[in-house]
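Notes to accompany the following structure.
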Amino acid sequence: MKQPRLDKYLADAGIGSRSQVKEYIRKKMITINGNFPADGAVKIRPEQDVICYQGRPVIREVFVYYMLNKPAGYVSATKDSSCPTVLSLIQDSTHKDLFPVGRLDKDTEGLLLITNDGAMAHRLLSPGYHVNKTYYVEVSRYHTIPPDAVSRFQAGVDIGEKHFTLPAALELLSPTSAYITIQEGKYHQVKRMFHAIGCEVIYLKRIAFASLKLEESLSSGESRPLRTEELQALKNLVRMGEK
Ligand code: URA
């Protein structure tokens, strides 16, 4: 069984930063089984030790992370009165607080992260972190992708917002298909960007999100927990890495 350091355990539980936690220990605001620890380096046994902060037990939330291959027809919400939600595809009856990290349109398929880790979700969705999202796109054959689309998306296009879109990388696969990597997550962003260059998106699938790549063997509607190394890479990306 893992025996983390007290200061790391408390910081991960959201009690404060490592230096704040050290201060709390020094001020005798922390107890382990009723005793004052000497310092933050003390190893604890989370399953059996009772750790208290200001006399109240510290409950560490258990976070879970799933990679879902979203099918079309499901809404990216926790509840909906008329459509099935992405949460109905997750086989987890233990965690009642799961939610999708961001949204894919009802007709969009592909990689969606489902978790109960609000702090991580907040960072992944925060514009400041410029998290990459890559989509496979097909457009209507009546309006094929123009040759200058790569440079136009690189420069940013007008989708009717206050600012042009941030630089996006377009990799053309054929006159009607491409991969596009964007850093933002505005409503219908990819569809609106293609509309801005005269194309109509008829199929959209997210194949990468942040450091995650959609696992090809995951069939539509299937999910699986993130692997340890996938989770660590995500944490590193949003600077929640364990030290
Ligand atoms: N952009 C879109 O237009 N739709 C999505 O679902 C995701 C990105």
(request) For the range 182-206, enumerate the residues that are touching an Asp or Glu at 6+ places or on another chain (Cβ under 9 Å) and either in contact (Cβ under 8 Å) with a residue 60 or more places away in the chain or outside the structural domain of MET120 (by TED's automatic domain parsing) (or both). (result) HIS188, LYS191, VAL201, ILE202, TYR203, LEU204, LYS205, ARG206
(request) Out of the residues in the range 179-215 that are within 15 Å of the chain's Cα centre (by Cα) and open to solvent by 40 Å² or more (accessible area, probe 1.4 Å), state the one that is nearest to ARG141 (Cα to Cα). (result) ILE207
(request) Determine whether LEU124 is open to solvent by less than 50 Å² (accessible area, probe 1.4 Å), closer than 25 Å to HIS195 by Cβ and of a type outside the set (Val, Ile, Thr). (result) no
(request) Take the range 96-114 and flag every residue that is open to solvent by 30 Å² or more (accessible area, probe 1.4 Å), within 14 Å of the ligand (Cβ to nearest atom) and not in a strand (DSSP E or B). (result) ARG103, ASP105, LYS106, ASP107
(message) Need pairs with beta-carbon distance below 9 Å; first residue not assigned by TED's automatic domain parsing to the domain that holds ASP105 and within the range 75-91, second open to solvent by 30 Å² or more (accessible area, probe 1.4 Å); sequence gap 6+ or separate chains.
(response) none
(request) Look through LYS106, LYS133 and report the one residue that is under 21 Å from TYR179 (Cβ atoms) and not β-branched (Val, Ile, Thr). (result) LYS133
(message) Here is a check on your reading of the model: is THR165 of a type in the set (S, T, N, Q) and within 12 Å of the ligand (Cβ to nearest atom)?
(response) yes
(message) Looking only at residues that are part of a helix (DSSP H, G or I) and within 15 Å of ALA77 (Cα to Cα) in the range 115-124, which one is modelled with the lowest pLDDT?
(response) GLY118
(request) Pull up the range 78-91, narrow it to residues that are open to solvent by less than 30 Å² (accessible area, probe 1.4 Å) and touching a Leu at 6+ places or on another chain (Cβ under 8 Å), then point me to the one that is nearest to the ligand (Cβ to nearest atom). (result) VAL86
(message) So LYS186 ticks every box in (1) farther than 26 Å from SER211 by Cα; (2) within 16 Å of the ligand (Cβ to nearest atom) but one. Which box is left unticked?
(response) (1)
(request) Taking the residues in the range 32-77 that are of a type in the set (D, E, K, R), within 27 Å of GLN232 (Cα to Cα) and part of a strand (DSSP E or B) as candidates, determine which candidate is least open to solvent (accessible area, probe 1.4 Å). (result) LYS70
(request) Return yes or no: is VAL137 surrounded by 15 or more Cβ atoms within 10 Å (Cβ to Cβ), under 25 Å from the mean Cα position of the chain (by Cα) and within 15 Å of the ligand (Cβ to nearest atom)? (result) yes
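The values are calculated or read from the model by the stated rules, or taken from the named source; none is laboratory data. This structure is a prediction, so every number in the text was calculated from the model and none was measured. When we count neighbours, we look across all protein chains shown, and the Cβ atoms used for this are built from the backbone with ideal geometry, even at glycine. To get the accessible areas, we keep the full protein, side chains included, count just its heavy atoms, and leave off ligands, DNA and RNA. Shrake-Rupley method; radii C 1.70, N 1.55, O 1.52, S 1.80 Å.
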